[in-house]
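Q: Structure incoming, see below.
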Amino acid sequence: MTTPTGARTGRGLSLLRAAHIGPAVAVTVVVALLAVRQGLPSLRAVVVTAAVFAGQLTIGWGNDLLDAQRDRDADRRDKPLATGELSSAVVLTSLAVAGIACVILSLLVGWRSALVHLGIGVTSGHLYNAALKGSVWSWLPYAMAFGTLPAVVTLADIPPSWPPVWMLATAAALGVAAHLLNALPDLDDDLAAGLRGLPHRMGRTASRALATGLLVCGSLVAILGSGGMSVGWGPVTLAVVVGLAGLALIGRGRVPFAAAIGIALVDVVLLTVVSIR
């Protein structure tokens, strides 16, 4: 008996939700922009971007598989595994297929890029899911995985090369800030479930302040490292970042979160628009 088209579509959408498709796409877009800015040949740019996307899918599915029981206990209606929309077998099979694709695609652009992507980036994501999510070290996998993204791209080039240190530092700061900000909407539910990662231990206000500080530092490092202060856009960009930081620290309601996201977008632009050659 064949599966109706509507059922297949519904399962596909549920799989995307279980993969945390929003963050996965965001990371993939950053890599695609880095690849374009680096000037990678079109095929290599597509392959390295696809490798990162596949790796992100495995991390998202791994997260929901490990958290399935906790999500059921918390009655998370947005989690397909918790609601029964998906079975563990389907998600596990999808994870395995994505994992194989990730390894093959990563190796196609060279062992150096593959080693960084698989050995640091993807491994960090799964280490977070399996062991560090509820510890004071929850920030470390984000720093490692995000911090090495520029290297995944530049090491896929011919000849391979390491990116400037300022790019690694800015990306790492962006990653830790993303972890802190991403935890804020679910902070209370996570605490009720016994999760005690860094943002849960720090609390909402301190986490937002630390995320803002990291984003500002990341912006400053990028502007200084790229020589932006010697041209017109550097001081203007820094002024915008400082203004957003002020809103993030003293604003009310949704303003602080929106301002912090604004600084994060500035950092992404600095990483992907400023030349990395």
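Q: Please name all residue pairs, on different chains or six or more residues apart, with Cβ atoms under 7 Å, provided the first residue is in the range 39-63 and is on the phi > 0 side of the Ramachandran plot and the second residue is open to solvent by less than 10 Å² (accessible area, probe 1.4 Å) and modelled with pLDDT under 95.
A: none
Q: With the requirement that a residue be open to solvent by 20 Å² or more (accessible area, probe 1.4 Å) and among the polar types (S, T, N, Q), what does the range 46-64 give you?
A: Listed by number, the residues that qualify are Thr49, Gln56.
Q: Moving to a separate point now. Starting from the range 173-189, keep only residues that are in contact (Cβ under 8 Å) with a residue 24 or more places away in the chain, then list their pairs with residues that are in a helix (DSSP H, G or I) and among the basic types (Lys, Arg) whose Cβ atoms are within a distance under 8 Å, requiring at least 6 positions of separation or different chains.
A: Going by the 8 Å Cβ cut-off, the qualifying pairs are Leu180/Arg208; Leu181/Arg208; Leu184/Arg204; Leu184/Arg208.
Q: If a residue has to be in a helix (DSSP H, G or I), among the polar types (S, T, N, Q) and more than 20 Å from the chain's Cα centre (by Cα) to count, how many in the range 40-93 make the cut? So that I can check it myself, show each step before the final result.
A: The initial filter retains those residues of the range 40-93 that are in a helix (DSSP H, G or I), namely 42-66, 68-73, 80-83, 88-93.
Next, from what is left, pick out any that are among the polar types (S, T, N, Q): 42, 49, 56, 58, 63, 69, 83, 88, 93.
Pick out the ones that are also more than 20 Å from the chain's Cα centre (by Cα) and you get 42, 69, 83, 88, 93.
Of the residues in the range 40-93, 5 are in a helix (DSSP H, G or I), among the polar types (S, T, N, Q) and more than 20 Å from the chain's Cα centre (by Cα).
Q: Hey, another quick one. Any idea which residue in the range 141-183 is farthest from Ala264 (Cα to Cα), counting only those that are part of a helix (DSSP H, G or I), among the polar types (S, T, N, Q) and touching a Leu at 6+ places or on another chain (Cβ under 9 Å)?
A: Pass one, the range 141-183, residues part of a helix (DSSP H, G or I): 141-147, 149-154, 165-183.
Right, trim to among the polar types (S, T, N, Q) and you get 154, 170, 182.
Adding the requirement that they be touching a Leu at 6+ places or on another chain (Cβ under 9 Å) leaves 154, 170.
Working: Thr154: 22, Thr170: 10 Å.
Going through the qualifying residues, I end up with Thr154.
Q: I've got another one for you. Out of the range 7-24, which residues are under 16 Å from the mean Cα position of the chain (by Cα) and in contact (Cβ under 8 Å) with a residue 12 or more places away in the chain?
A: Arg17, Ala18, Ala19, His20, Ile21, Pro23, Ala24, listed by residue number.
Q: Let me ask something else about it. Would the range 191-211 turn up any residue that is closer than 24 Å to Leu34 by Cβ and either surrounded by fewer than 21 Cβ atoms within 10 Å (Cβ to Cβ) or modelled with pLDDT of 90 or more (or both)?
A: Yes, there is a match, as at least one residue in the range 191-211 is closer than 24 Å to Leu34 by Cβ and either surrounded by fewer than 21 Cβ atoms within 10 Å (Cβ to Cβ) or modelled with pLDDT of 90 or more (or both).
Q: Ser226 fails exactly one of the following numbered conditions: (1) polar (S, T, N, Q); (2) open to solvent by less than 20 Å² (accessible area, probe 1.4 Å); (3) within 30 Å of Pro41 (Cβ to Cβ). What is the number of that condition?
A: Ser226 satisfies all of (1) polar (S, T, N, Q); (2) open to solvent by less than 20 Å² (accessible area, probe 1.4 Å); (3) within 30 Å of Pro41 (Cβ to Cβ) except (2).
Q: Here is a further query. If Leu43 satisfies all but one of (1) open to solvent by 40 Å² or more (accessible area, probe 1.4 Å); (2) of a type outside the set (Gly, Ala, Ser); (3) at pLDDT 95 or above; (4) in contact with a Gly (Cβ under 6 Å, 6 or more places away or on another chain), what's the number of the condition it fails?
A: (4)
Q: Check off (1) in a helix (DSSP H, G or I); (2) closer than 30 Å to Gln69 by Cβ; (3) open to solvent by 20 Å² or more (accessible area, probe 1.4 Å); (4) not charged (D, E, K, R) for Leu187 and give me the number that stays unchecked.
A: Just one mismatch for Leu187, condition (3).
Q: Starting from the range 73-90, take each residue that is free of Cβ contacts under 8 Å to residues at least 24 places away in the same chain and list its partners that are outside any helix (DSSP H, G or I), counting only C-beta distances under 7 angstrom and pairs at least six apart or across chains.
A: What qualifies is Ala82/Arg76; Thr83/Arg77.
The values are calculated or read from the model by the stated rules, or taken from the named source; none is laboratory data. Owing to the predicted nature of the structure, the values given are computational and were not obtained by experimental measurement. Because the Cβ atoms are built from the backbone with ideal geometry, glycine has one as well, and the counts that use them run over all protein chains shown. Heads up: the accessible areas ignore ligands, DNA and RNA and are worked out on the full protein's heavy atoms, side chains in. Shrake-Rupley method; radii C 1.70, N 1.55, O 1.52, S 1.80 Å.
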